[in-house]
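Step one of this worksheet: look at the structure below.
The values are calculated or read from the model by the stated rules, or taken from the named source; none is laboratory data. None of these values were measured; they are calculated from a predicted model. Methodologically, a virtual Cβ is constructed for each residue, glycine included, from the backbone with ideal geometry; neighbour enumeration extends over all protein chains shown.
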Amino acid sequence: MTDNELKRMANRLRLDVVETVHAAGDGHPGPCMSVADLVSVLYFEEMRLNPKEPGWRERDRFILSKGHACPILYAALARRGFFGLEELPKLRSLEGMLQGHPDMHKTPGIDSVSGSLGNGVAIGLGMALGLRQQDIDSYVYVAVGDGEMNEGVIWEAAMAAAWHKAGNLIVFGDCNNEQSGGRCTEMTSLYPVYEKWEAFHWHVQRIDGHNISEIRGAIDVARKVKDRPSFIEMKTVKGKNIPYMEDNNAWHKRTPTGEEVETARKALEGLL
Ligand SMILES: [Mg+2]
């Protein structure tokens, strides 16, 4: 896909999320919007995947460590052909396969359970080392929230990954300066995060997380770094492109009304 097509796909996925959470009557729409461009780039261009064979050994892996944002991942998996779009409105229901947090035993295309915050980097490191041991040249991508970086296990994994020179592990920081309780920088802030990952001996880049060509460029650079894991700090906006959700933490977990779904549709109409 071209960068423009990937941008439009990201907005298509954003609208899917609004509709899905509305149908489910529960979910976290705000945190989905900040990683929508990343998810579009990974699933529609950069990752090596086979929707017909979700467990393919040679595939690239993706762990959405901030697992509560899974509606955006489910939208991407559905549109990429891992399962039908008709599954989306069944989010969080007994009839559906889409759990409130990702579960690889229930949903084709999910590589790891997540949502118990902080675990994605450590799980990703295990996968990366396992792949290396088997001479499989796949990459493991992990997305973590900036609030999530308060979890100590992330830094244990960061130390171990550098020690093991896990060049096939690429972590994206979704840096929207919001977490469920408020602004990260007004709480137990981990900022500046760039310098911290660098101090842990990771290869570090900082980009605009809503700029498709910057995301693709950073992935390209990170893949070429073989002797260190990579961290990509993405500056993002929680609720991006849904005007009433943008940088409004009330939308961390909230269900849009029918009227709000229509407002979102109108806002995204020209961007699809
Ligand atoms: Mg955040």
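Applying the criterion of being over 13 Å from VAL171 (Cα atoms) and away from the ligand (no atom under 11 Å from the Cβ) to the residues of the range 226-238, the residue that is surrounded by the most Cβ atoms within 10 Å (Cβ to Cβ) is LYS235.
Pairs meeting the criteria (first residue in the range 88-111 and in contact (Cβ under 8 Å) with a residue 12 or more places away in the chain, second residue among the basic types (Lys, Arg) and not in a loop (DSSP other than H, G, I, E, B), beta carbons under 9 Å, at least 6 apart or on different chains) are MET97/LYS90; LEU98/LYS90; GLY109/ARG80; ASP111/ARG61. Answer yes or no as to whether HIS252 is within 16 Å of the ligand (Cβ to nearest atom), over 28 Å from VAL153 (Cβ atoms) and at pLDDT 95 or above. No: the conditions fail for HIS252. Checking VAL204, VAL144 one by one, the residue that is within 16 Å of the ligand (Cβ to nearest atom) and part of a strand (DSSP E or B) is VAL144 and no other.
Annotation note: of VAL39, VAL21, the sole residue that is among the aliphatic types (A, V, I, L, M), assigned to a helix (DSSP H, G or I) and within 16 Å of the ligand (Cβ to nearest atom) is VAL39.
Residues checked against (1) hydroxyl-bearing (Ser, Thr, Tyr); (2) more than 14 Å from the chain's Cα centre (by Cα); (3) under 30 Å from THR257 (Cα atoms):
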{"site": "PHE172", "(1), (2), (3)": "no, no, no"}
{"site": "MET187", "(1), (2), (3)": "no, yes, no"}
{"site": "ALA199", "(1), (2), (3)": "no, yes, no"}
{"site": "VAL204", "(1), (2), (3)": "no, yes, no"}
{"site": "PRO229", "(1), (2), (3)": "no, yes, no"}
{"site": "LYS235", "(1), (2), (3)": "no, no, yes"}
{"site": "LYS238", "(1), (2), (3)": "no, no, yes"}
{"site": "ILE242", "(1), (2), (3)": "no, yes, yes"}
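Selection of the range 21-52 for residues being closer than 22 Å to ASP247 by Cβ and either surrounded by fewer than 19 Cβ atoms within 10 Å (Cβ to Cβ) or more than 15 Å from the chain's Cα centre (by Cα) (or both) yields VAL21, HIS22, GLY27.
Condition check for ILE63 on (1) at negative phi; (2) over 10 Å from the mean Cα position of the chain (by Cα): one failure, at (2). Of all residues in the range 138-172, exactly one satisfies the criterion of being among the small types (Gly, Ala, Ser), more than 28 Å from ARG48 (Cα to Cα) and touching a strand residue (DSSP E or B) at 6+ places or on another chain (Cβ under 9 Å), namely GLY147.
Between HIS105, HIS101, the distinction of being in contact with a Cys (Cβ under 9 Å, 6 or more places away or on another chain) and surrounded by fewer than 21 Cβ atoms within 10 Å (Cβ to Cβ) belongs to HIS101 only.
Selection of the range 53-75 for residues being surrounded by fewer than 24 Cβ atoms within 10 Å (Cβ to Cβ) and small (Gly, Ala, Ser) yields only GLY55. Criterion applied to HIS68, HIS101 was being in a helix (DSSP H, G or I) and either at positive phi or not small (Gly, Ala, Ser) (or both), and the one residue passing it is HIS68. Among the residues of the range 120-133, none qualifies, meaning not one is touching a residue at least 24 places away in the same chain (Cβ under 8 Å) and in a loop (DSSP other than H, G, I, E, B).
Might you check whether a residue that is of a type in the set (Lys, Arg), touching a residue at least 60 places away in the same chain (Cβ under 8 Å), more than 11 Å from the ligand (Cβ to nearest atom) and surrounded by 14 or more Cβ atoms within 10 Å (Cβ to Cβ) occurs anywhere in the range 148-170? Yes, because at least one residue in the range 148-170 is of a type in the set (Lys, Arg), touching a residue at least 60 places away in the same chain (Cβ under 8 Å), more than 11 Å from the ligand (Cβ to nearest atom) and surrounded by 14 or more Cβ atoms within 10 Å (Cβ to Cβ). One residue stands out in the range 173-201 among those that are charged (D, E, K, R) and touching a strand residue (DSSP E or B) at 6+ places or on another chain (Cβ under 6 Å): the one that is farthest from the ligand (Cβ to nearest atom), namely GLU198. For the range 45-54, check the following and say yes or no: at least one residue is under 17 Å from SER114 (Cα atoms) and either part of a loop (DSSP other than H, G, I, E, B) or more than 14 Å from the ligand (Cβ to nearest atom) (or both). No - not one qualifying residue is present in the range 45-54. Candidates ALA264, ALA222: the one that is closer than 27 Å to LEU131 by Cβ, of a type in the set (A, V, I, L, M) and crowded, with 20+ Cβ neighbours inside 10 Å is ALA222.
Is it the case, given these coordinates, that GLY118 is over 12 Å from the mean Cα position of the chain (by Cα) and over 19 Å from LEU169 (Cα atoms)? So GLY118 does not fit the description; no.
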